[in-house]
Each structure stands twice: as C-alpha cells, then as structure tokens.
Amino acid sequence: KTSVQIDSIGKECMEKGNNLYQYKKSVNVPPLSFIDDIAAFSKCGQSTLKMNTYLNTKVEMKKLSLNKEKCKRLHFGKANIMCPQLEIHGEKMKESICEKYLGNLITTEMNSNKLINERTNAGIGNVSQIMSLLKDISLGHHYFRIAKVLREAMLINGMLFSASAWYPVSEQNLRTLEQVDESLLRQILGAHSKTPIEALYLELGCKPLRFNLMARRVNYLHYLLTVSYTHLTLPTILLV
C-alpha cells in the first residue's frame, strides 16, 4: 500500500504539470519514488519551499509518515543564500553531503571518487574471500576455471554493480578498480609483483575490468535506444 501511495505522488505531478524540476530546460522530472522512498529535486528558493510543503502535505494526507532521521537535504553546487531551511513533519530536516541509496553513494561533490573508494574496499574484501575458497577447497585441474568464475561473480559484479549509470568516471577511477582485479589475478597465478600485467590477462584469458564496464554501458545504451521515448529515464540520460 505504501509503495502505491508514494508512487502516485510523482504520477500526479506529471499529469498536472506541477512541482516538476526542469532538467536542462528540456526534461520535466517529478518527485521520484522507489517502494517507500521518494526523492525530489528543485532549484534553491521558492520552488524548494513549494516542493517541501507539497511533499509534506501529500504524505500526511495519505496518513503516512517519513522517518525524520533518514530524510536528508543535499545541496549541489555553490552555496546559495537563497537556499531555504527545509522541514519534515514540522521539524528541521537534517543536512548531508553524502548518502547511500540503492547501493550507490549520492554526494554533493558531483564526482565518483567516494563511490569508487567504497567499491574498491568491497573488492579487496571479495579478493580475500575468493582466495580463501580456492585454498580451502580442492579443485584439481578445475582450479583456474573456478577462479575465473568466482572473479566474474564475486569481484567484477560486486565492484561494477549499477556501473552502467555511473557519472563521471575518470581514468584514475578505472585504474583504482583495475588494481584490485590485478591483485586477484596475481594471487591466482602465484605471480610476483614484477610480472607484467599483460601476462596475467593472457595467461588466464581474461580482459581488463574497464572492458566489462564498457560492455555494461553499451548494453544500457541499447536499452535506452529501444525504450519508449516517453519513458522518463531516456531523455534524462541522453541529455547529460
């Protein structure tokens, strides 16, 4: 029931054309919902107060309540004296510079550095788990085949989860992720630190992690090109 009620808020905004954030003067973005969560966007000033009042009113009219500890305000861009204080059910809304949502980090710094660092740390933990499995279980001549499967399932999927929508991703970000992958390949082969990186990939028949990221982005692009143009995701992504 909560999911349906929250989802109706954004749909109502689209139908009536009210409380929409115009992205690049082309795309109208309503309050976005996911199950029982909702995220709204607005420019600093009166539109922010209007959006805040609208959401509070709608939620209370539906006899729902938002968690005051989880509701956060994130300000993107330079500080603006026109940015008003927001409230949640009559109390001051907390401010934040970085929040985790659906496995990703939303940060006011507008880069992927914190997200990459978090995924890198998770990848290091996955490397330890993979090597522990390979050492504890006798795999015989299937050792390298199983090692590649574990690399794909645990390491790559763990670090590149939802990577198709990451923006922006720098060369340094890619190298940070690839170094974790290369560390695993060295341990699988028992190669020392002076072994050329190219030899690791050639010996195991693997490709660098950046090509996995490219493949995911191409698949996502195919989805965007085949989905209906009225779908909210399509124009938003293509205009970035």
(request) Within the set of other residues whose C-beta is less than 13 Å from the C-beta of Asn19, count the net charge using Lys and Arg as +1 and Asp and Glu as -1. (result) +3
(request) Could you go through the range 57-65 in sequence order and give the Karplus-derived ³J(HN,Hα) for each residue, using 6.51 cos²θ - 1.76 cosθ + 1.60 with θ = phi - 60°, rounded to whole Hz, and x for Gly and Pro? (result) 5, 5, 5, 6, 5, 7, 6, 10, 9
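For the chain, what does the helix formula give at 222 nm: sum of -39500 (n - 2.57) over DSSP H segments with n ≥ 4, over the residue count, nearest 500 deg cm²/dmol? Display every interim value, and only then the final one.
Details: 8 runs with 114 residues, N = 240.
Mean residue ellipticity, 222 nm, calculated: -15500 deg cm²/dmol.
What accessible area per residue, rounded to a whole number of Å², is obtained for the chain using a probe radius of 1.4 Å? Intermediate results must be reported in sequence, preceding the final value.
On the way: 14990 Å² over 240 residues.
Per residue, the chain has 62 Å² of solvent-accessible surface.
Using +1 on the beta carbon of Lys and Arg, -1 on that of Asp and Glu, and nothing else charged, what's the dipole of the chain about the Cα centre, debye to 20?
Details: 31 positive and 21 negative charges, 75 e Å.
Value, rounded to 20: 360 debye.
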(message) Please flag any cysteine in the chain that has no other cysteine's Cβ under 4.7 angstrom from its own Cβ.
(response) Cys13, Cys71, Cys98, Cys206
(message) For the pairs Lys11/Lys68; Lys43/Lys70; Lys62/Lys114; Lys1/Lys24; Lys16/Lys70, flag any whose C-alpha to C-alpha distance is greater than 26 Å.
(response) Lys62/Lys114; Lys1/Lys24; Lys16/Lys70
(request) List the residues of the range 95-114 whose backbone N lies under 14 Å from a point placed 7 Å from the Cα of Ser170 along the Cα-to-Cβ direction. (result) 109-114
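Please give the FRET efficiency for Leu204 paired with Tyr101, using the beta carbon to beta carbon distance and R0 = 45 Å, rounded to the nearest 0.05. Could the numbers behind the result be given before it?
Numbers: r = 35 Å, r/R0 = 0.78.
Calculated value: 0.80.
Please report the equivalent ellipsoid semi-axes of the chain, computed as sqrt(5 x eigenvalue) of the Cα gyration tensor, largest first, in whole Å. Present the calculation step by step, with values, prior to reporting the outcome.
Values: eigenvalues 372, 72, 63 Å².
Semi-axes, largest first: 43, 19, 18 Å.
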(request) Could you pull out every residue, at least 5 positions away or on a different chain, whose amide H is within less than 5 Å of the one on Leu86? Hs are placed 1.01 Å off N in the peptide plane, and Pro or chain starts have none. (result) Met93
(request) Work out from phi, with θ = phi - 60° and the Karplus expression 6.51 cos²θ - 1.76 cosθ + 1.60, the ³J(HN,Hα) of each residue of the range 208-223, listed in order in whole Hz, and give x for Gly and Pro. (result) x, 4, 4, 6, 5, 5, 4, 4, 5, 5, 5, 5, 5, 4, 4, 4
(message) 7 Å from Cα along Cα→Cβ at both Phe161 and Lys63: what's the point-to-point distance in nm?
(response) 3.6
(request) Considering the options Gln172, Leu115, Phe144, tell which one lies farthest towards the positive end of the dipole of the range 90-183, charges being +1 on Lys and Arg and -1 on Asp and Glu at the Cβ, about the Cα centre. (result) Phe144
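The values are calculated or read from the model by the stated rules, or taken from the named source; none is laboratory data. Small disclaimer: the values here were computed from a predicted structure and weren't measured. All Cβ positions, glycine included, derive from the backbone under ideal geometry; neighbour counts span all protein chains shown. Protein only, heavy atoms only, side chains kept; ligands, DNA and RNA dropped before computing areas. Shrake-Rupley method; radii C 1.70, N 1.55, O 1.52, S 1.80 Å.
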